[in-house]
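The values are calculated or read from the model by the stated rules, or taken from the named source; none is laboratory data. Small disclaimer: the values here were computed from a predicted structure and weren't measured. Note: ideal-geometry Cβ built from the backbone for every residue, glycine included; neighbour counts use all protein chains shown. Surface areas here come from the heavy atoms of the whole protein model, side chains and all, with no ligands, DNA or RNA. Shrake-Rupley method; radii C 1.70, N 1.55, O 1.52, S 1.80 Å.
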Amino acid sequence: MTEPFVTLAAVSAAAAIVALALVALRLRRARREFDEEVAAWKLRLRLDLQQARKERDLLLDALDEAFVLVDRNGGILFANRAAQAMFPGRTIVGRSVPDVFLDQKVAQPIIECIDSGDPSTTRVVLPRQGSSPVGGAWIVDAARISETPDDAPEFRVVLRDVTSEHHAEQIRKDFVANASHELRTPLAIINGYLENLLDDGLVSDPELTRRFLKVMRKHTERIARIVEDMLVISRLESGEAAALKLKPFKIRSCISDVLERLESMIQAQKARVRVEMPDEDLTIDGDRFYWTQVLFNLVENALKQNPREGLGVTVGCVRKEGSGDIEIWVSDDGIGIPSADLAHIFRRFYRVEKHHNQDEIKGTGLGLSIVKRAVEAHNGTIDVHSTPGEDTRFTILLPSGAEEQTRLDAEERTALAPTETG
Ligand code: ATP
Ligand code: MG
């Protein structure tokens, strides 16, 4: 009686075991499929993340501005190409902000932004010196990236190079300051004489009045010259190439004009002026007005700085064989320019101190800066060397192709200029 019952129980147990084994098998398969799916997802996510990072880097590398990502401890997480280029040969990712930006003026606003969480925009001017590769003027723009988690915030720092704007601004400030100073002096002198004449009743003395008026005229002429020179400079600076009226002309005729205008001075000083031009027909494509100003100022300077008799002055021009560059030079054997002054000689209002005494009005110190501007507007360069008493030489180099380039610049600027309507 018990035997069939035992058999049935055994069969049921076996069936249960088989069923369990089947379930376990299915579960294992499901688990394997799940694991495989998770691994595939992870891989896809990793690839997506890699792709997103690559796109982000490409985008940020395309920026001209330096972009840096910083963590809450000031550690640099990412630097785009422009940021990396600021530190050639050094890796900046993984290092700290104060360690990379040695100048506190840059590091400080970034650290402050990290500490406070507030965005900051700071303009800093760095001296280009010593081991620091970074110099010039910069805008440091730091802010927290709002999407990052509160317990691990990240900060973006953008460094914008504003050196050339800063430079231009500085030059403008200097120019205004210098011009005001230069104009104030003759005006004060004129005012002084006027007060003497009117308030002190000296006007009744015709002899004295005449003398005062003569001095006043000298100073008004100086003011007029400063204003005229400033106008020439501003014309040259407002779109230099467009300001030029380009036309081929013979450089020899330009030299002759200059020497003619300076004839009385040359005669009075018994100066020996020589023109060295192997090819008298040499032609320049440029603005004759400015080239005349250039040569006039250079020859006038030589004569003016050396009022002694028998000064030797040479004006030369040659087209170099091979390169085709044009070289123009003006040299004299006068007192020369001290080496300490040479680096500053083309600056506006700069005059060699020891050449000038207070009473003497020889010039405004604007001549050479006009010369430089005019030569550069023609895509040329000017250089000076001086051995006092022997040879003081201003050399202008007009590379072959400079004339063509000037013409293209002028055309381009004219095309870009807004057309007048109405
Ligand atoms: P401006 O040309 O505006 O009338 P300037 O002649 O004094 O005035 P620049 O032509 O700019 O001004 O020259 C600047 C200074 O350079 C001169 O004042 C002079 O001290 C010096 N200098 C220029 N050329 C010579 C030269 N050939 N020999 C000696 N010193 C020179
Ligand atoms: Mg001069």
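Could you check segment 162-175 and list, in sequence order, the residues that are out of contact with any strand residue (DSSP E or B) (no Cβ under 6 Å at 6 or more places or on another chain) and either surrounded by 11 or more Cβ atoms within 10 Å (Cβ to Cβ) or over 26 Å from Ile223 (Cβ atoms) (or both)? The answer is Ser164, Glu165, His167, Ala168, Glu169, Gln170, Ile171, Arg172, Asp174, Phe175.
Pairing each residue of segment 298-325 that is touching a residue at least 60 places away in the same chain (Cβ under 8 Å) with any residue that is assigned to a strand (DSSP E or B) and of a type in the set (Asp, Glu), provided the two are 6+ apart or on different chains, yields C-beta distances under 7 Å for Ala302/Asp332.
Per-residue answers, yes or no, for (1) within 14 Å of ligand 2 (Cβ to nearest atom); (2) outside any loop (DSSP other than H, G, I, E, B); (3) more than 26 Å from Ala177 (Cβ to Cβ):
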{"residue": "Val273", "(1), (2), (3)": "no, yes, yes"}
{"residue": "Asp281", "(1), (2), (3)": "no, no, yes"}
{"residue": "Phe296", "(1), (2), (3)": "yes, yes, yes"}
{"residue": "Glu327", "(1), (2), (3)": "no, yes, yes"}
{"residue": "Ser331", "(1), (2), (3)": "no, yes, yes"}
{"residue": "Arg347", "(1), (2), (3)": "yes, no, no"}
{"residue": "Gly363", "(1), (2), (3)": "yes, no, no"}
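Do the conditions hold for Ala417, that is, is it away from ligand 1 (no atom under 16 Å from the Cβ) and either under 18 Å from Leu236 (Cα atoms) or modelled with pLDDT of 95 or more (or both)? Considered against the rule, which asks whether it is away from ligand 1 (no atom under 16 Å from the Cβ) and either under 18 Å from Leu236 (Cα atoms) or modelled with pLDDT of 95 or more (or both), Ala417 comes out as yes.
Kindly evaluate Gly310 against the criterion of being assigned to a loop (DSSP other than H, G, I, E, B) and within 16 Å of ligand 2 (Cβ to nearest atom). Explain how you work it out, then say what you get.
Values: assigned to a loop (DSSP other than H, G, I, E, B): yes; within 16 Å of ligand 2 (Cβ to nearest atom): no.
In short, no.
Can you find even one residue in segment 367-381 that is in a loop (DSSP other than H, G, I, E, B), at pLDDT 85 or above and near ligand 1 (Cβ under 6 Å from one of its atoms)? Lay out the reasoning, then the answer.
Applying the first criterion (in a loop (DSSP other than H, G, I, E, B)) to segment 367-381 yields 378-380.
So of that shortlist, the ones also at pLDDT 85 or above come out as 378-380.
Cutting the leftovers down to near ligand 1 (Cβ under 6 Å from one of its atoms) gives us none.
Scanning segment 367-381, I find no residue that is in a loop (DSSP other than H, G, I, E, B), at pLDDT 85 or above and near ligand 1 (Cβ under 6 Å from one of its atoms), so the answer is no.
Okay, residues lined up against (1) in contact (Cβ under 8 Å) with a residue 24 or more places away in the chain; (2) surrounded by 15 or more Cβ atoms within 10 Å (Cβ to Cβ); (3) more than 21 Å from Gly365 (Cα to Cα):
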| residue | (1), (2), (3) |
| --- | --- |
| Ala188 | no, no, no |
| Glu195 | no, no, yes |
| Asp200 | no, no, yes |
| Arg211 | no, no, yes |
| Ile233 | yes, yes, no |
| Leu246 | yes, yes, yes |
| Ile251 | yes, yes, yes |
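Residues in segment 399-410 that are over 22 Å from the mean Cα position of the chain (by Cα) and surrounded by 19 or more Cβ atoms within 10 Å (Cβ to Cβ): Glu403 alone.
For segment 81-128, which residues satisfy the criterion of being in contact with a strand residue (DSSP E or B) (Cβ under 8 Å, 6 or more places away or on another chain), in a helix (DSSP H, G or I) and among the charged types (D, E, K, R)? Across segment 81-128, the qualifying residues are Lys105, Glu112. Selection of segment 286-328 for residues being within 16 Å of ligand 1 (Cβ to nearest atom), among the hydrophobic types (A, V, I, L, M, F, W, C) and either farther than 25 Å from Leu246 by Cβ or open to solvent by 30 Å² or more (accessible area, probe 1.4 Å) (or both) yields Phe296, Ala302, Leu303, Leu311, Val313.
Scanning segment 303-319 for residues that are under 33 Å from the mean Cα position of the chain (by Cα) and of a type in the set (S, T, N, Q) yields a single hit, Gln305. Scanning segment 129-153 for residues that are modelled with pLDDT of 85 or more and either part of a helix (DSSP H, G or I) or surrounded by 17 or more Cβ atoms within 10 Å (Cβ to Cβ) (or both) yields Ala137, Trp138, Val140, Asp141, Ala142, Arg144.
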